[in-house]
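This report refers to the structure that appears directly beneath it.
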Amino acid sequence: MSLLSVSGLRKCYGDKVVLDDVSLSVEQHDVICLIGSSGSGKSTLLRCLNLLEDIDDGVIEFEGREISDPRVDARDVRKRIGMVFQAYNLFPHLTVLENCTLAPHRVHGVRRAEAEDRARELLERFGLADQATKHPDRLSGGQQQRAALVRAMCTHPTLLLLDEITAALDPELVGEVLEIVRAEAERGMTMVLATHEMAFARDVATRVCFLDQGRILEQGPPEEIFTHPREERTRHFLRRVLPGQAGSSA
Amino acid sequence: MIDWSPSQHELERRQVRRRIRLRSGLIATAMTVLVFLVVGLVVTSSPGWPRVQETFFSSEHARASFPDIWDAIWLNIKMFLIAEVFILLSAILIALCRVSRSPWLMPLRITAVVYTDVVRGIPTILLVYLLAIGMPALQLQGLPNSGFFWATVALIVSYSAYVAEVFRAGIESVHPSQWASAEALGLSRGQTLRHVVVPQGVRRVVPPLLNDFVSLQKDTALASSALVFEAVFVARDYGNYNFNYTPLVVAAGFFIVMTVPLARLCDWLTARMRRRELAGAL
Ligand SMILES: Nc1ncnc2c1ncn2[C@@H]1O[C@H](COP(=O)(O)OP(=O)(O)OP(=O)(O)O)[C@@H](O)[C@H]1O
Ligand SMILES: [Mg+2]
């Protein structure tokens, strides 16, 4: 049984169809990379998975239960799915440590001391040990993004959704953050992530999904997508983002 | 796509969503009716209710006093509308003085600080007395002597100080990164305030502003102490002749009716702003 399975997912904003008949299944320890041009619906898909949006059709199942049912308590689901946003969204009025302990303490009922231990351990691992007592606005972009990752992981999620978490970072910091994501992937964390970092996707993904105008046009293992894409549109996209590399059809 | 039609599953889900909405609606209605029934029963079954009803809620006195209060309330409305315009203008000026940084404007800054500190400390009714009785007594040439004029000025003076602080709070709540990005575009400090910071700050403070204006509507009643024949004055006058408080309740009813449209308008404006700017944004 898949950890997460999506079938026939549809999402519209007004008349505009943003996701159309999207189907996807995520197994334990999978790392799924969503690629596709800007506006293809990557963020929207992640937001639907976390029940931040009401969907217009289709089914989302998580751990064998349909979570797209309106009777499902979204908070229950979100307790087990972590999400990191494109724009960090750290709480500016709390220190990094407080950002990281808020949910474990208030939502999961972990004692404060215990939550702080867990947070400090993760911050340490992510190289943020000495930033714990600072407020987010005083951190660099890369540090903020790593703090956001720690915040999402402090609750021991079974699934992590990452939305272009390196979009706002310079290449050096990109490496820094991706290294951490890679390490988490190797520890067996299940992840769905939207990214524009093709090299990274190729490297860590167990499966790559190419989104085009709200549809998953093509999905498969990274070697296949990056070297032998079936669809012309995928080839076109890859030629654009990987000049002189992929798109060489078999 | 045009040829899409919802699946069976989606239709069922819509039904469930509808049921959930219906259920919330029913709970809300039932709770409201219940609470108001209980409160109503407790009040009307209290031993003193008949007397209270006679002195405060007599329909006969209400009818008799209604036309006079109706005529007088226009004075309150006029006073409120005039005062509101001047308050908004002077308050934003005071707030801008307070957040200015230029060394040339230091005297203005000090004046603004002292003004808000002093004026906010004086009870509004005292300001009304001071201006409405004191100013005419000075017998200055060219200044009007009417109670209406000076009571309105007193309200403007008093509320400008409050509203200025509300504006300032709004301006200062705008995140520093907005300043930074505007200045990075080459905007001057004044331009940044005018085009970026103030519009955002003002939106944020619409609810507390509304609060102050509702309060202002009610405080137009203070003009009665400057012998302006506004609604409360007229109501009290009637009550003193007939030994009955009902007209005051009628006046209160008028004030409530005045504030409700203002509150709904503000709710609507803020909801629209949020919808436009924050739709799905995270
Ligand atoms: N709240 C909204 N209201 C209306 N349209 C929206 C809303 N949110 C997103 N959209 C539209 O949905 C489409 C998909 O947006 P989405 O943010 O999912 O793209 P994306 O693939 O994440 O792009 P990017 O790579 O630039 O982040 C876009 O065309 C966008 O304009
Ligand atoms: Mg996006």
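Of the residues making up the range B:237-276, not one is of a type in the set (D, E, K, R) and touching a Leu at 6+ places or on another chain (Cβ under 7 Å). Within the range B:175-190, restricting attention to residues that are closer than 20 Å to B:L105 by Cβ and under 31 Å from the mean Cα position of the chain (by Cα), which residue is farthest from the other protein chains (Cβ to nearest Cβ)? Top of the filtered list is B:G190.
Contact map, the range B:181-198: first residue without any contact (Cβ under 8 Å) to a residue 12 or more places away in the chain, second residue exposed (fewer than 14 other Cβ atoms within 10 Å of the Cβ) and assigned to a helix (DSSP H, G or I), Cβ cut-off under 7 Å, separation 6 or more or different chains; pairs are B:L187/B:H195.
For the condition outside any helix (DSSP H, G or I), more than 16 Å from ligand 2 (Cβ to nearest atom), of a type outside the set (A, V, I, L, M) and surrounded by fewer than 20 Cβ atoms within 10 Å (Cβ to Cβ), B:F229 qualifies.
Of everything in the range A:231-250 that is surrounded by 15 or more Cβ atoms within 10 Å (Cβ to Cβ) and outside any helix (DSSP H, G or I), the residue that is modelled with the highest pLDDT is A:A246.
Take B:L127 and tell me if it is farther than 18 Å from B:V205 by Cβ, at pLDDT 90 or above and in a helix (DSSP H, G or I). So that I can check it myself, show each step before the final result.
Numbers: farther than 18 Å from B:V205 by Cβ: yes; at pLDDT 90 or above: yes; in a helix (DSSP H, G or I): yes.
Yes; evaluated as a whole, the condition is true for this residue.
Pairing each residue of the range A:27-48 that is within 14 Å of chain B (Cβ to nearest Cβ) and over 14 Å from A:D212 (Cβ atoms) with any residue that is near ligand 1 (Cβ under 6 Å from one of its atoms) and assigned to a loop (DSSP other than H, G, I, E, B), provided the two are 6+ apart or on different chains, yields C-beta distances under 9 Å for A:S43/A:E164; A:R47/B:G280.
Of the residues in the range B:1-48, how many are more than 14 Å from chain A (Cβ to nearest Cβ) and assigned to a loop (DSSP other than H, G, I, E, B)? Number satisfying all stated conditions: 4.
When the residues of the range A:8-17 are filtered to those that are surrounded by fewer than 16 Cβ atoms within 10 Å (Cβ to Cβ) and more than 9 Å from chain B (Cβ to nearest Cβ), the one that is nearest to the chain's Cα centre (by Cα) is A:C12. The requirement of being surrounded by 18 or more Cβ atoms within 10 Å (Cβ to Cβ), over 25 Å from A:V18 (Cβ atoms) and either away from chain B (no Cβ under 13 Å) or away from ligand 2 (no atom under 16 Å from the Cβ) (or both) is fulfilled nowhere in the range A:57-78; no residue meets it.
Across the range A:156-173, the qualifying residues are those that are closer than 18 Å to A:A103 by Cβ and surrounded by fewer than 20 Cβ atoms within 10 Å (Cβ to Cβ), and the one among them that is farthest from ligand 2 (Cβ to nearest atom) is A:H156. Taken over the range A:49-69, the residue count meeting the criterion of being touching a residue at least 60 places away in the same chain (Cβ under 8 Å) and within 16 Å of ligand 1 (Cβ to nearest atom) is 2. Apart from one condition, A:L4 fits all of (1) under 17 Å from the mean Cα position of the chain (by Cα); (2) more than 19 Å from B:R13 (Cα to Cα); (3) at the interface with chain B (Cβ under 9 Å from one of its Cβ atoms); the exception is (3).
The values are calculated or read from the model by the stated rules, or taken from the named source; none is laboratory data. Quick caveat: nothing in here was measured; it's all calculated off a predicted structure. All Cβ positions, glycine included, derive from the backbone under ideal geometry; neighbour counts span all protein chains shown.
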